[in-house]
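Engineer: The following block contains the structure, expressed as structure tokens.
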Amino acid sequence: MMDHIVGFTYSQVLKAVVESELLDLLANGPITAGEVAHYTQLSEDAALALLRAARALDLAEEVVSDGWMLGQQGAVLVADEGTQAMIVHHRLLYNDLVEPLELLRKNRSEPTQLSRYWSYAGALHGAAERGRETQEYSRLMAASQRYVADQVLAAFSFRGVQRLLDIGGGHGAFAARVGGAYPRLSVGVFDLPEVAGSARAMLEDALGAQRISVHGGNFFEDTIPQGYDMVSLVRILHDHDDEPAARLLANIRASLEPGQRLLIAEPMARIPGAEPMGEAFFGFYLWAMGSGRARSPAEITAMLKAAGFAKARLITGPQPVIASMVVATA
């Protein structure tokens, strides 16, 4: 219980360590508290408080008297820009959660800091004055898609799959990662036209023009491109409420021939060993976002059957806090 109570403080220590660029300073250590104070524009006492807090989380260690370097977790984190991007990003959620009951009492259509961030107009297609958020969005999406792709590749084999279409594939990070692991696999991305256009250059650079296809459209309203023996939904279904999620699954099913498959990969509710991530973290995250919810494999399977899929099975990856998978057969 004490870990739950003080967990926010741990998160804020992480944020201070990342935003102060302390990790980079420690990577070139040993460095003194006075030097840290100079670079971070803190008083020496404040710098020492930060260093000690970082030590408690294994982000820093004092190797000699007033000589500080990276701790074991710090050495991992300094090389992981994706996790650093997530740490910075969560300030939006924490601001929305200052009064959690007020957040729950809001109509979900009311804007929050998180919902503004995730809006296509504000984040994905941000205007010049919102360049910082757009850059942050790109880093966050690329990193998180890589995490999910690695979990999928560790638990699911694409051998025998000739053509894979990633629906809602954004800038192509997932498709590129899977295509890189399977050199004979052709991949496609289907997303809004303005998003799909940016995916083409990235996929061509990663895999070559002959192996990729890019399709623009709305996956709720437009026909899903055909000719693929597998399609994927990576962190898409849980972004949508039940009615639009059901429409999306029905639209996908209509595009598939019998025997073709759909792969759903996202954090799920009620996964043994990852229960808090599904319904505590993502439950509140998606509530603040204004759309969607984390669903259990049983709920997803029921939705798939209602959409006309013949069968579905759960695949749990090595780190279910990042993603689990449901594979459905038409």
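Engineer: Check 296, 324 and return the single one that is surrounded by 15 or more Cβ atoms within 10 Å (Cβ to Cβ), free of Cβ contacts under 8 Å to residues at least 40 places away in the same chain and small (Gly, Ala, Ser).
Structural biologist: From the options 296, 324, the qualifying one is 296.
Engineer: Out of the residues in the stretch 252-279 meeting the condition of being at pLDDT 95 or above and among the small types (Gly, Ala, Ser), tell me which one is farthest from residue 229 (Cα to Cα).
Structural biologist: Among residues in the stretch 252-279 that are at pLDDT 95 or above and among the small types (Gly, Ala, Ser), the one farthest from residue 229 (Cα to Cα) is 269.
Engineer: Go through (1) among the small types (Gly, Ala, Ser); (2) modelled with pLDDT of 95 or more; (3) touching a helix residue (DSSP H, G or I) at 6+ places or on another chain (Cβ under 7 Å) one by one and return the number of the condition residue 82 breaks.
Structural biologist: (2)
Engineer: Here is a further query. Mind checking which residues of the stretch 266-280 are among the hydrophobic types (A, V, I, L, M, F, W, C) and within 19 Å of residue 318 (Cα to Cα)?
Structural biologist: 268, 269, 271, 274, 277
Table: residues versus (1) surrounded by fewer than 20 Cβ atoms within 10 Å (Cβ to Cβ); (2) more than 14 Å from the chain's Cα centre (by Cα); (3) touching a residue at least 60 places away in the same chain (Cβ under 8 Å); (4) not in a strand (DSSP E or B).
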| residue | (1), (2), (3), (4) |
| --- | --- |
| 258 | yes, yes, yes, yes |
| 265 | no, no, yes, no |
| 268 | no, no, no, yes |
| 276 | yes, yes, no, yes |
| 283 | yes, yes, no, yes |
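Engineer: Just to be sure, is residue 154 at pLDDT 90 or above, exposed (fewer than 15 other Cβ atoms within 10 Å of the Cβ) and part of a helix (DSSP H, G or I)?
Structural biologist: Working: at pLDDT 90 or above: yes; exposed (fewer than 15 other Cβ atoms within 10 Å of the Cβ): yes; part of a helix (DSSP H, G or I): yes.
Spelling it out, residue 154 is indeed at pLDDT 90 or above, exposed (fewer than 15 other Cβ atoms within 10 Å of the Cβ) and part of a helix (DSSP H, G or I).
Engineer: Considering each of 71, 34, 67 in turn, give the residue that is buried (at least 18 other Cβ atoms within 10 Å of the Cβ), at pLDDT 95 or above, more than 30 Å from residue 287 (Cα to Cα) and of a type in the set (Gly, Ala, Ser).
Structural biologist: 71
Engineer: While we're here: Considering only the stretch 89-113, state which residues are within 26 Å of residue 14 (Cβ to Cβ), free of Cβ contacts under 8 Å to residues at least 12 places away in the same chain and either in contact with a Leu (Cβ under 8 Å, 6 or more places away or on another chain) or not aliphatic (A, V, I, L, M) (or both).
Structural biologist: 99, 102
Engineer: Only one of these is in contact with a helix residue (DSSP H, G or I) (Cβ under 8 Å, 6 or more places away or on another chain), over 20 Å from residue 81 (Cβ atoms) and either at pLDDT 95 or above or assigned to a loop (DSSP other than H, G, I, E, B) (or both): 42, 25. Name it.
Structural biologist: When all the criteria are applied, what remains is 42.
Engineer: Determine, yes or no, whether residue 58 is at pLDDT 95 or above and outside any loop (DSSP other than H, G, I, E, B).
Structural biologist: On the way: at pLDDT 95 or above: yes; outside any loop (DSSP other than H, G, I, E, B): no.
Here the answer is no, as residue 58 does not meet what is asked.
Engineer: Take the stretch 94-115 and flag every residue that is modelled with pLDDT under 95, crowded, with 16+ Cβ neighbours inside 10 Å and in a helix (DSSP H, G or I).
Structural biologist: 114, 115
The values are calculated or read from the model by the stated rules, or taken from the named source; none is laboratory data. The structure presented is a predicted model; accordingly, all values stated were derived computationally and were not measured. In this analysis, Cβ positions are derived from the backbone assuming ideal geometry, glycine residues included, and neighbour counts consider all displayed protein chains.
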